[in-house]
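A.B. asks: The structure under discussion is supplied below as structure tokens; questions concerning it will follow.
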Amino acid sequence: MQCQACGKKTATIHLTEISQGVRTELHICEQCASEQGIATHSQTSINELLSHLLAVQPSDEEMFGPAQQESICPTCGFTLDRLRKEGTLGCPLDYKVFEQALLPLIERAHGGQSSHCGKVPTKLPTDTRTFVELAQLRRQLEEAVRDEDYELAAKLRDKIKQREQAEGRPK
Amino acid sequence: MELTEFSQNLTDWFSGTGPLADVVVSSRIRLARNLAGHRFLNSCSVEEKAEILEQLKSVLMSLDLGDEVFYVSVDQEPELTRNFLVERHLISRHHALATGPRGAVIARRENFTAMLNEEDHLRLQVLKAGCQLRACAEQIDRIDSLIEARVEYAFSPRFGYLTACPTNLGTGIRVSVMLHMPALKLTNQIEKFMNAAKDMNLAVRGLFGEGTEAASDLYQISNQTTLGVSERHIVAEFENVVIPEIVEYEKAARRQLLDKDRDTLDDKIARAMALLQNAHLISSQEALFLLSHLRLGLNMHEHMGASTPAIDRLCALRASTEEQDRLTIRTINRLFLLTLPAHLQVNYGKSLDATHRDALRAKIIRDALTQQS
């Protein structure tokens, strides 16, 4: 397809705009696009993508009211505003301090998931390890039931029971 | 470390061997970890960065990682050395370009690297030739556990391993395979492949080139989700579903070329041979593009028993750089790596401008591919 602007080069940028129910399409080459001020980054860095995702989220004020906006991490002095600009956090504690604000973003980045499943450091206190492992098993059980894999579900249920009894926790 | 110990040699992960090697060039797994009790790097003072670096360096250098390792003070190395390490995939471009105290622990066999103070305090990576993700996963898990016994990682029961960027949160694992897909390009199906990969929630990027469509026809696909899915699950998904599907896609395109479009195939291979054997100036991009077609011809001969006039002529070439008397994938990969800009300059012993690099590159390739009498 040829560029609709210069009519010479191959159109590599395809824009579709829907305004008031009317759909218009524009097919242009990279050079004409940049001349018209249309950004043509072929690769977006993950941080850029993240800043963008953060930027389109509701403002802090909309989400938590004016008080939360001034939240500052006591450990690293990080604010939501800096997170928006830089795409990375200031310290591990930020995940706790800004948990509410981060959750939608985390879920979006990880296909709707918001809790860990997988390796757990051996150094963690035993009850924390068990807590994490039980939570993981329960999630796998839910998935097995959802997928109607009842054989796996039965195995997982037994495993959960065993683990709970070993911990002396009936529930 | 003397760069010249490495710079003349092909790296193991690029040897063109291993399972599914006709399409899967290499497998890589990376883990992101941070130390508890320290801020993430973008909030750290230089002193804190230096402290983290020193702690991780002393732990890593004292462990038995299964391979002989050496340490590189990345921030003190010249740009050429850093670019050289990037070309060999021993450090990331981000690590090469960053500022402040940072380093890398590298296995002499080049199958393992620990980047210290990259985006996270610690980035471990294991690289192997062909499709060997499970072996990568076992090795990196073992190394990670050894380190974990000596330091305390930032971890939360809810979110798993805590990382500077929330996109790496949870397992902190990034599973990647490098694929050579020239036939998909020649049959105009790259776009389709990219869309299919995106539908499977995978990240795709072109390697060794500019933009997403790689001149070298080498693409890297990686998982995007790191939270809520276990390491084992991600690796199994790649090995059992993702890779077989994509490999089959490329192989079908190769069969299509052979059955229905032999002239296109032969034209590409014959032109690549003619240009590479005769050019006196060749850019890195052009060399990557042409060497890709030679690799395709050799792979189709070796793995599909393909025989066409151009493939037969290609296979009859004797490579003067190799001990064997015939041209192999190894030769092609070696030419590919050794003619990248930083490799050229390290082996030449000084920095060269673009024209001199193009001349030197053309000469190395010409010498290697000229028929021996």
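The values are calculated or read from the model by the stated rules, or taken from the named source; none is laboratory data. As the structure is a prediction and not an experimental result, all values here were calculated from the model. Because the Cβ atoms are built from the backbone with ideal geometry, glycine has one as well, and the counts that use them run over all protein chains shown.
Rundown of residues vs (1) buried (at least 18 other Cβ atoms within 10 Å of the Cβ); (2) basic (Lys, Arg); (3) under 24 Å from B:Ser15 (Cβ atoms), yes/no style:
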| position | (1), (2), (3) |
| --- | --- |
| B:Met181 | yes, no, yes |
| B:Leu186 | yes, no, no |
| B:Lys192 | no, yes, no |
| B:Ala196 | no, no, no |
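A.B. asks: Any residue in segment A:79-93 that is part of a helix (DSSP H, G or I), within 29 Å of B:Ala149 (Cα to Cα), aliphatic (A, V, I, L, M) and within 27 Å of the chain's Cα centre (by Cα)?
C.D. replies: No; the residues of segment A:79-93 include none that is part of a helix (DSSP H, G or I), within 29 Å of B:Ala149 (Cα to Cα), aliphatic (A, V, I, L, M) and within 27 Å of the chain's Cα centre (by Cα).
A.B. asks: Hey, another quick one. Pick out, from segment B:1-90, the helices (runs of 4 or more DSSP H) lying fully within it that include 2 or more residues that are buried (at least 21 other Cβ atoms within 10 Å of the Cβ) and hydrophobic (A, V, I, L, M, F, W, C).
C.D. replies: B:46-62, B:79-87
A.B. asks: Looking only at segment A:104-121, which residues are out of contact with any Pro (no Cβ under 7 Å at 6 or more places or on another chain), at the interface with another protein chain (Cβ under 10 Å from one of its Cβ atoms) and part of a helix (DSSP H, G or I)?
C.D. replies: A:Glu107, A:Arg108, listed by residue number.
Residues checked against (1) touching a residue at least 24 places away in the same chain (Cβ under 8 Å); (2) closer than 26 Å to B:Asn333 by Cα:
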site	(1), (2)
B:Gly170	yes, no
B:Arg174	yes, yes
B:Glu191	no, yes
B:Ala203	no, yes
B:Gly206	no, yes
B:Asn240	no, no
B:Ile246	yes, yes
B:Tyr249	yes, yes
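A.B. asks: Out of all the residues in segment A:122-150, which are facing chain B (nearest Cβ under 7 Å) and either part of a helix (DSSP H, G or I) or within 23 Å of the chain's Cα centre (by Cα) (or both)?
C.D. replies: A:Thr128, A:Phe131, A:Val132
A.B. asks: Looking at this structure, is B:Ser58 at pLDDT below 95 and among the hydroxyl-bearing types (Ser, Thr, Tyr)?
C.D. replies: no
A.B. asks: Consider B:Gly206 carefully, then state whether it is at pLDDT below 90 and surrounded by fewer than 14 Cβ atoms within 10 Å (Cβ to Cβ).
C.D. replies: No.
A.B. asks: From the set of residues in segment B:139-167 that are free of Cβ contacts under 8 Å to residues at least 24 places away in the same chain and either surrounded by 22 or more Cβ atoms within 10 Å (Cβ to Cβ) or among the aliphatic types (A, V, I, L, M) (or both), which is farthest from the other protein chains (Cβ to nearest Cβ)?
C.D. replies: B:Ala149
A.B. asks: So, one more: Of all residues in segment B:168-194, which are within 22 Å of the chain's Cα centre (by Cα), at pLDDT below 95 and within 14 Å of chain A (Cβ to nearest Cβ)?
C.D. replies: Passing the criteria: B:Ile190, B:Glu191, B:Met194.
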